[in-house]
Amino acid sequence: TRDVIFTWDMLKTEGETGPYIQYASVRAKRVLEKFGKVKSPIKNWQKSEMGLARQIVAIRIAILEAGRQRRPDLIARWLLDSAKAFNDFYEKNRIEGHPTRQWLTEQFYNAMERGMYLLGLEIPNQM
């Protein structure tokens, strides 16, 4: 619905760029490799964890609305918002030794992988 003008700023790993989305996904992937996966915890959730959990669940709405409205930009917007939410979460919370946070990291990674696949993007092995 609008023109896109290429600039080298599109390749930055911060802001609203593809590499920013990839960076957040690679970060989550590394956390999972380092600390492993855990079973779904169902108690002792903290406020910061709930915010990320709500963002992760919103992928379903983004996908359904993108299909209904024929607007893949809704998935791209969800990816950007989720990458920001995860990066904020990662910076403010220690993940090691916290099963809920490890589980949320896994759910975030899975959702990002799904959303990126729908847009034809890949998660690189490293950045």
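Treating each Cα of the chain as one equal point scatterer and applying the Debye formula with no solvent, the log10 of I(q)/I(0) at q = 0.20 Å⁻¹ comes out as -1.16. Using heavy atoms of the protein chains and a probe of 1.4 Å, the accessible area assigned to residue 38 is about 50 Å².
Net charge near residue 121, counting Lys/Arg +1 and Asp/Glu -1 over other residues with Cβ under 15 Å of its Cβ?
On the way: positive: 29, 77, 114; negative: 16, 73, 113, 122.
That works out to -1.
Residues 63, 21 ordered from highest to lowest accessible area at a 1.4 Å probe: 63, 21. Figure note: 29, 34, 39 ranked by solvent-accessible area, largest first, 1.4 Å probe, ligands and nucleic acids not counted: 39, 34, 29. Within the chain, the whole DSSP H helices whose Cα atoms reach 18 Å or more along their own axis and whose mean Kyte-Doolittle score is at least -1.0 are 18-35, 73-92, 99-118. In the context of the full protein assembly, residue 37 retains an accessible surface of approximately 150 Å², using a probe radius of 1.4 Å and ignoring ligands and nucleic acids.
Among 71, 60, the sequence by solvent-accessible area, most first, with a 1.4 Å probe is 60, 71.
Once both labels are positioned 7 Å from their Cα atoms along Cα-to-Cβ, the gap between residue 117 and residue 48 label points is 3.0 nm.
A full extension of the chain between residue 69 and residue 40 corresponds to an added length of 7.1 nm, given 0.36 nm per residue minus the alpha carbon distance.
The values are calculated or read from the model by the stated rules, or taken from the named source; none is laboratory data. Everything numeric here is computed off the predicted structure, so don't read it as measured data. Glycine gets a Cβ as well: all are built from the backbone with ideal geometry, and neighbour counts include every protein chain shown. To get the accessible areas, we keep the full protein, side chains included, count just its heavy atoms, and leave off ligands, DNA and RNA. Shrake-Rupley method; radii C 1.70, N 1.55, O 1.52, S 1.80 Å.
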